[in-house]
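Quick note: the coordinates plus some simple rules give every number you see, no bench work behind them. From a predicted model like this one, the values you see are computed outputs, not experimental measurements. Note: ideal-geometry Cβ built from the backbone for every residue, glycine included; neighbour counts use all protein chains shown.
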Amino acid sequence: MRISIRAASKRDMNDILRLCLKLAHYEGKLIGREPDENSIRARVVHDLLHNDGCAYYLAFVEEEIAGILKVSAKDGNRAKISQTYVVGAHRCKGIMTALFAKALEWAKSRNIASLYLTVVCKNTYALSFWEKFGFRVDCAKGKNLLIMRRDVQPAIIS
Ligand SMILES: CC(C)(COP(=O)(O)OP(=O)(O)OC[C@H]1O[C@@H](n2cnc3c(N)ncnc32)[C@H](O)[C@@H]1OP(=O)(O)O)[C@@H](O)C(=O)NCCC(=O)NCCS
């Protein structure tokens, strides 16, 4: 099984949208709320056409699209990890591990000091998944979300 990762471009817009919508529906189910598909579409289009401060990475198994991750620069020397999704059939094959390694490279190349992400409280598997990668819960965001943080340095796996 050959896993490859590459930075996405405008040509990948439809695949990116599809995976971002899948994630939004997955998380929407956990919190009992329908996602706002139009705002997701608008954000992806804006990112791909106008936002130099972020990157989407796509993972492929052979030629088949298998996962996505977005990393974006934020104020205060931080970057946000978001849109982390691996399609069901390809989970537990190291795909998010490989995508996250790319996000770390991206952050290091920009001298970014710390990373954060939001996780739906009820997504207990994702919470423990990110803990494996050194993220720790920092605070709550509303009643459904937790913010997790880690420094860019040192290692990927704690
Ligand atoms: C969370 C998610 C992104 C993980 O992606 P993945 O590609 O399956 O993860 P990896 O294969 O890189 O796994 C990394 C580690 O987690 C472990 N792991 C992965 N899936 C697991 C599972 N279902 N149960 C237990 N452990 C699991 C792996 O064994 C591996 O640990 P190891 O290196 O010690 O063996 C994926 O399950 C997913 O897309 N879930 C739905 C969307 C979601 O919750 N996104 C996160 C939003 S914050």
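Annotations
- Whole-Hz Karplus values for region 69-82 come out as 8, 10, 10, 9, 6, 10, 4, x, 6, 10, 9, 9, 9, 8 Hz, taken residue by residue from phi with 6.51 cos²θ - 1.76 cosθ + 1.60 and θ = phi - 60°; glycine and proline positions read x.
- ³J(HN,Hα) computed for each position of region 52-66 - Karplus, 6.51 cos²θ - 1.76 cosθ + 1.60, integer Hz, glycine/proline x: 7, x, 9, 9, 9, 10, 10, 10, 10, 10, 6, 9, 8, 5, 10
- Dipole of region 32-144, positive direction: furthest Cα of ILE40, ALA101, CYS139, with charges on the beta-carbon: CYS139
- Neighbourhood charge, 13 Å Cβ-Cβ cut-off, centred on LYS93 and excluding it, Lys, Arg +1 and Asp, Glu -1: 0
- Among the trypsin sites (Lys or Arg not before Pro) found in region 1-73, those both in a DSSP coil and sparsely packed, with 13 or fewer other Cβ atoms within 10 Å of their Cβ, are ARG2, ARG33.
- Amide H contacts of ASP138 (H built 1.01 Å from N, under 5 Å, at least 5 apart or other chain): ILE147, MET148, ARG149
- Rounded to the nearest 0.05, the FRET efficiency derived from the C-beta distance between LYS143 and SER9 at R0 = 35 Å is 0.40.
- Each of ASN51, ALA8, ILE81 was placed along the dipole of region 3-112 (beta-carbon charges, centred on the mean Cα), and the one lying farthest toward the positive end is ILE81.
- Note on ASN51 and ARG91: their simple-model spin labels are 2.5 nm apart, each label 7 Å out from Cα toward Cβ.
- Comparing LEU58, LEU49, LEU127 in a Gaussian network model of the chain (Cα springs below 10 Å), the most mobile by mean-square fluctuation is LEU49.
- Sorted by Cβ neighbour density within 10 Å, fewest at the top, the residues SER128, SER4: SER128, SER4
- Given charges at beta-carbon only (K, R positive; D, E negative), |dipole| of region 3-112 in Debye: 280
- Region 106-151-region 2-40 distance, computed between alpha-carbon centres (Å): 18
- Sites matching GluC sites (Glu not before Pro) across region 17-110 that sit in DSSP coil, with at most 16 neighbouring C-beta atoms within 10 Å: GLU62, GLU63
- nm² value of the averaged projected area, convex hull over the Cα atoms of the chain: 9.1
- Environment charge at PHE135 (Cβ cut-off 15 Å; Lys +1, Arg +1, Asp -1, Glu -1): +4
- Listed pairs LYS29/LYS70; LYS22/LYS143; LYS74/LYS141; LYS29/LYS80; LYS70/LYS102; LYS10/LYS108 exceeding 19 Å between Cα atoms: LYS29/LYS70; LYS22/LYS143; LYS29/LYS80; LYS10/LYS108
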